[in-house]
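Here's the structure, in structure tokens; my notes come after.
The values are calculated or read from the model by the stated rules, or taken from the named source; none is laboratory data. Not measured: the values here are computed from a predicted model. Please note: Cβ atoms are built from the backbone with ideal geometry, for glycine as well, and neighbour counts cover all protein chains shown. Just the protein is used for accessible areas: all its heavy atoms, side chains included, with ligands, DNA and RNA removed. Shrake-Rupley method; radii C 1.70, N 1.55, O 1.52, S 1.80 Å.
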Amino acid sequence: MGFLKANNVSLVGLAASVPKGRVDNLLDPNIQDPEKLVKSTGIRYRHIANDNVCTSDLCIDAARNLIDRLCWNPLEIDCVLFVTQTPDYILPATSNKIQNALGISKDAFCMDISLGCSGYVYALSVCASLMQNGSLKRGLILAGVTISKLCPVTDKSTYPLFGDAGTATALAFDEKASPILFHFGSDGAGYNAIIVEDGGFRNPTNHESFQKVNYGDGIEHSRLQLHLEGMDVFSFAINSAPNSVNQLLQYGGLVKDEISYFIFHQANLFMNERIRKKLSLSVEQVPYSLYDYANTSSATIPLTLLKTLISRAAIDKVPIIGCGFGVGLSWGSFYTELNNIILSEINNFE
Amino acid sequence: MNNAEFLELFREQFDETSPNDIDLETSFKELPEWSSMVALTVIAMVDDKYKVKLTGDDIRNATTVDDLFNVVKGKVKASL
């Protein structure tokens, strides 16, 4: 059915860290017609990690800030989920390293989840499901990416669109929490619509992996870098995201007008506005973070949520829907009601 | 659905190109204004008006506006 309900778990904190260094698309000499690009994509700034900064560094920084703000003892954190497609290594999993770096108990449940744009929804469902019977009381979801490392300046289909970010979301066991509802979807027929072709075990790295391939129309990259079939992804997203949200609304008996915010994965403005209009949602219901942070894969939903909530005076019974869609192809949506969530300012990581 | 209506809708996706410069036999990818962005607006228009999905290959394999119309027509027929 693709639906799930998780009880007794609350979202209690959010934090994010982005690399301090950022590129302004309007001033980037590598971009042709930058004003047109910013207008259509909605993306002005991209935060770009240095060579020596990994996704885990950004997520650890965000997690430290959040743990401080929550006054949590790291030894009392029972679960760490790291959701990224830019891990430190092919193996081991990065979540174990993060557990050690944050001083989290050796008894913690640690796991990496390899998903991109939809990953936050899946990580939330895994964490909430693990925690709902009360054995695990405190969980961290660390979602982020340093995808700029896979987007060369020679590829206009990826280079101006993607940025780097790390986020931390805290969940707590709470018998008074309203349920979190989910809808999931997958279509592996589109596995190659967003792909890094070489470097895994299907196509191990070889001499040809490093050679730049020219796909025409300003798209040139190697097989170790990101390949994006823009038209296919667009066609997929403008259908799957609205369908997923509609199915979730139906599953939960929810009314669109009563949802304060629909937090969509931040792909690009043209695509996201199409999704908003298909669902007949108001501009106020659909916040963006694209202008300042670009597309940061699994980090976009928590980053946009944090940016939105930080500007609010009080967070008391705020119903939200989140929806991620992209690489896999994979998509999913969740509904929850936010109460008194602790927010840590978006940090510039040096 | 007919090709005259499709042509009209196709023309509307261009800002700078005169409608007179686009007919059913036009090799649309050779129009100076054609870009990946216009391709997305065409995909969005087809999604909106005909409720079918155009893929990247559908656009790549079509030469004329009429070629694209026939792809859309085929997909609409298959979806009925």
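Diagonalise the Cα gyration tensor of the protein assembly as shown and give the resulting equivalent ellipsoid semi-axes, square root of 5 times each eigenvalue, largest first, whole Å.
They are 38, 25, 19 Å, listed from largest to smallest.
As an exercise, take the mean of 1/r over every pair of distinct alpha carbons in region A:220-301, invert it, and state the Kirkwood radius in angstroms.
14.1 Å
Among the DSSP beta bridges whose two residues both lie in the protein assembly as shown, what percent are antiparallel, rounded to the nearest 5?
70 percent
Give the Cα extents of region A:112-265 along the principal axes, in whole Å, largest first.
On the principal axes, region A:112-265 reaches 56, 34, 26 Å in Cα extent.
Please give the contour-minus-distance gain from A:Glu208 to A:Asn50: 0.36 nm per residue of separation, less the Cα-Cα distance, rounded to one decimal in nm.
54.3 nm
How about A:Lys277: which lysines have a C-alpha closer than 18 Å to its C-alpha, ignoring those fewer than 8 places off in the same chain?
Qualifying lysines at Cα under 18 Å: A:Lys39, A:Lys256, B:Lys49, B:Lys51, B:Lys53.
Probe of 1.4 angstrom, ligands and nucleic acids ignored: what's the accessible area per residue over region A:41-114, in square angstrom?
For region A:41-114, the solvent-accessible area averages 47 Å² per residue.
Nearest 5 percent is fine: what portion of the DSSP beta bridges confined to region A:221-350 is antiparallel?
For region A:221-350, the DSSP antiparallel bridge percentage is about 70.
Per residue of A:228-234, count partner chain C-beta atoms within 10 Å of its C-beta, then hand back the mean as an integer.
6
From the Cα gyration tensor of region A:37-153, with a ≥ b ≥ c the square roots of its eigenvalues, which class applies: rounded if a/c is under 1.5, or else prolate if a/b is larger than b/c, or else oblate?
Since a/c reaches 1.5 and a/b is larger than b/c, the shape of region A:37-153 is classed as prolate.
Based on the Cβ-Cβ distance from A:Ser135 to A:Lys317, what FRET efficiency comes out when R0 is 25 Å, to the nearest 0.05?
0.35
For the interface of B with A, what's the total buried accessible surface in square angstrom, probe 1.4 angstrom, rounded to the nearest hundred?
Answer for the B-A pair: about 1200 Å² buried.
What value, in deg cm²/dmol to 500, does the helix sum -39500 (n - 2.57) over DSSP H runs of n ≥ 4 give at 222 nm once divided by the residues of chain B?
The helix contribution divided over chain B gives -17000 deg cm²/dmol.
Among the trypsin sites (Lys or Arg not before Pro) within region A:302-350, which fall in a DSSP loop and have no more than 11 other Cβ atoms within 10 Å of their own Cβ?
A:Lys317
How tilted is helix B:36-50 with respect to the longest principal axis of chain B? Cα atoms for both, answer in degrees (0 to 90, nearest 10).
With rounding to tens, the tilt is 40 degrees.
To make sure I understand the rule: partners must be aspartates and glutamates, Cα under 13 Å from the Cα of A:Lys176, and not fewer than 8 residues away in the same chain. Which ones qualify?
Straight-line reach from A:Lys176, under 13 Å: A:Glu337.
Please average, across the residues of B:56-63, the number of beta carbons from any other chain that are within 10 Å of each residue's own beta carbon, and give a whole number.
2
Per residue of region B:54-60, what does 6.51 cos²θ - 1.76 cosθ + 1.60 with θ = phi - 60° give for ³J(HN,Hα)? Whole Hz please, x for Gly and Pro, Karplus curve as stated.
8, 9, x, 5, 4, 6, 4
Based solely on its DSSP helices, what 222 nm [θ] is calculated for chain A when runs of n ≥ 4 H residues each add -39,500 (n - 2.57) and the sum is averaged over all residues, nearest 500 deg cm²/dmol?
Taking each H run of at least 4 residues, the total per residue is -8000 deg cm²/dmol.
Which of the peptides A:198-205, A:142-149, A:276-283 is most tightly packed, and how do the rest follow, judged by the mean count of other Cβ atoms within 10 Å per residue?
The densest-packed peptide leads the list: A:142-149, A:276-283, A:198-205.
Per residue and in Å³, how big is the convex hull formed by the alpha-carbon atoms of region A:103-201?
162 Å³
Project the alpha carbons of chain B onto their principal axes and report the range along each, largest first, in whole Å.
Computed over the Cα atoms, the extents are 35, 23, 20 Å.
Once each part is reduced to its C-alpha centroid, what is the distance from region A:154-224 to region B:43-80 in angstrom?
27 Å
Under the Karplus relation 6.51 cos²θ - 1.76 cosθ + 1.60, θ = phi - 60°, what is the ordered set of whole-Hz ³J(HN,Hα) values for region A:34-44, x standing for Gly and Pro?
Each residue's phi maps through the Karplus curve to give x, 5, 5, 4, 5, 5, 7, 8, x, 9, 9 Hz.
Where a ≥ b ≥ c are the square roots of the eigenvalues of the C-alpha gyration tensor, would you call region A:1-75 rounded, which needs a/c under 1.5, or, failing that, prolate if a/b is larger than b/c, or oblate?
Oblate shape, in that a/c is at least 1.5 and b/c is the bigger or equal ratio.
Over the Cα atoms of region A:205-350, compute the convex hull volume and normalise it per residue, giving Å³.
150 Å³
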